[in-house]
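The values are calculated or read from the model by the stated rules, or taken from the named source; none is laboratory data. The model shown is predicted, which means the values in this text are computed figures rather than measured ones. For neighbour counting, all protein chains shown are included, and Cβ atoms are generated from backbone atoms with ideal geometry for every residue, glycine included.
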Amino acid sequence: MRAAVVRELGAPVVLEDRVDPEPAPGQILVRMEASGLCHTDIHAVHGDWPVRPHPPFVPGHEGVGLVEKLGLGVTHLEIGDRVAVPWLGWACGRCQHCLTGWETLCLKQQNTGYGVDGGWAGSMLAWADFAARVPDGVTAAEAAPLTCAGVTTYKALKVAGVGPTDLVAISGVGGLGHLAVQYAKIAGATVAAIDITDEKLELARELGADIVIDARTDDPAKVLQEHGGADAAIGLAVDNASFAAAYAGLRRGGRLVLVALPAQGTIDIPVFETVLNGTSVIGSIVGTRADLAEVFALHAAGRTRVIYETRPLSTVNEAIQDVLAGTVKARIVFTP
Ligand code: NAD
Ligand code: ZN
Ligand code: ZN
């Protein structure tokens, strides 16, 4: 099988021929059908974050495919089942985080496409207990973006506690943001979508955004305040300055949820205003297996639309450049 491998951080990804790996006990071999390109993969390839991945590794944490081999002890999946392999590749199941519904905070977790090889390949290994079954009627190409972009934004809206009378700002309408707009609408909120390209702003409108804000020409904070201020703002733009704008657009009691992870990301928060306004700033990392099951169920019920374009895995380096240039519609999904 072919795999897209990071041999050196910051260098182009290399295509290599590899033999299929053998599943260890508790693992499965998945024959890939589709695998998304999340902006996190670009951060991984570039080594953008304080905790760096160790080459060689295969990126990809939106991998979807068919179970081809079962490791010892795997009884709840069958050969031929369609599964998705998310960022949370494994968690211990025993620590306080795992036991209280916060497996995404497990200190022992293994991350797909970062600490262990991911889905940009013809096949991959996954821990059976953390591979999500994809419901019938959801295609592999649609399931892929839901596996990270979907579950991450669904969870971010949950932690923001969004309700039907809220004004929710979605900052960044890319892979994550185009789904965030839809989950916020499903929660009944009024949605203000912020981006810096005409295509993304138009997409946001198409997906139900009530207000669109072009951050190139308008100050998002000012526009949000003209609407009374946002009850919640979800930071999905890979741009440090966008967090400050989202923060300044909040109303009293507002919640800013940080999701995007730009290199050297920081946010300066004035203590006085944060205290007096009762503002919350919350970090949110992907979502649990239960969250992902809900995301798939919503999609199977016809309540979300996944906007994507498929490209062959062999075009991975060009695809990365196109995401950075902002010229892809929402998500690129690779076919192996
Ligand atoms: P993307 O490139 O598809 O989307 C980013 C969007 O932000 C683009 O539409 C871009 O035009 C827009 N943008 C850029 N600058 C802007 C600005 N100043 N104001 C408004 N919009 C702006 O990326 P993605 O795949 O959606 O990922 C977004 C970020 O989220 C990445 O940093 C990624 O690593 C991170 N991420 C975090 C988690 C998590 O669990 N916290 C999970 C997945 C991805
Ligand atoms: Zn744990
Ligand atoms: Zn991701």
G26: over 18 Å from the mean Cα position of the chain (by Cα), surrounded by 15 or more Cβ atoms within 10 Å (Cβ to Cβ) and within 16 Å of ligand 2 (Cβ to nearest atom), yes or no? yes
Taking strands (runs of 3 or more DSSP E) that do not extend beyond region 267-336, which have at least 2 residues that are crowded, with 18+ Cβ neighbours inside 10 Å and not charged (D, E, K, R)? 331-335
Qualifying residues in region 79-104 (those that are surrounded by 16 or more Cβ atoms within 10 Å (Cβ to Cβ) and within 8 Å of ligand 2 (Cβ to nearest atom)) - the one nearest to L66 (Cα to Cα): A91
So V159 passes all but one of these: (1) buried (at least 23 other Cβ atoms within 10 Å of the Cβ); (2) within 15 Å of ligand 1 (Cβ to nearest atom). Which condition number does it fail? (1)
Filter region 231-260 down to residues that are under 19 Å from the mean Cα position of the chain (by Cα), part of a loop (DSSP other than H, G, I, E, B) and farther than 19 Å from I186 by Cα, then give me how many there are. 5
Segments classed as strands (runs of 3 or more DSSP E), wholly inside region 143-230, with at least 2 members that are modelled with pLDDT of 95 or more and within 23 Å of W87 (Cα to Cα): 167-171
Does G63 satisfy the criteria of being assigned by TED's automatic domain parsing to the domain that holds K329, under 24 Å from R311 (Cα atoms) and of a type outside the set (D, E)? yes
